[in-house]
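Peer 1: One structure, pasted below without further comment.
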Amino acid sequence: METTEVTGWEIAVLDGGPAHGLRMKVSARPPTVQVTCPCQVEGASVEGMRAEAVYVYRRDHTVTEEPLRYGFDIASP
């Protein structure tokens, strides 16, 4: 398997899940991208407390040119 060092920014597209179609710039082709969405909190006992839903997208290694593609990991926490 041949790997190349990527140092610049590249366009990536998220596929599936709550952020489907979102485009972003990534550097160094990270294996995963984490997306968070704020959740409404009721009755928080600590001022400023917040909750966020976390979604994980994993890079599709078969895509080697822009836009890179990251697929939704349904098993993410």
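Peer 1: Taking amide H atoms as placed 1.01 Å from N in the peptide plane, list the residues 5 or more away in sequence, or in a different chain, whose amide H sits under 5 Å from that of Asp15.
Peer 2: Gly21, Tyr70, Gly71, Phe72
Peer 1: Just add up the charged neighbours of Ala44: K/R +1, D/E -1, any other residue whose Cβ is under 15 Å from the Cβ of Ala44.
Peer 2: Numbers: positive: Arg50; negative: Glu42, Glu47, Glu52.
Residues close to Ala44 contribute a combined charge of -2.
Peer 1: Follow-up question, since we're still on this one. Please compute the Cα-Cα pair-distance distribution of the chain with 5 Å bins starting at 0, giving whole percents from short to long.
Peer 2: Whole-percent P(r) values from 0 Å outward: 3, 14, 23, 19, 13, 11, 7, 5, 3, 1, 0.
Every number in this text was worked out from the coordinates using simple rules, so none of it is lab data. The shown structure was predicted, so the numbers you read here are calculated from the model rather than taken from an experiment. Glycine also receives a Cβ, built like all others from the backbone with ideal geometry; neighbour counts cover every protein chain displayed.
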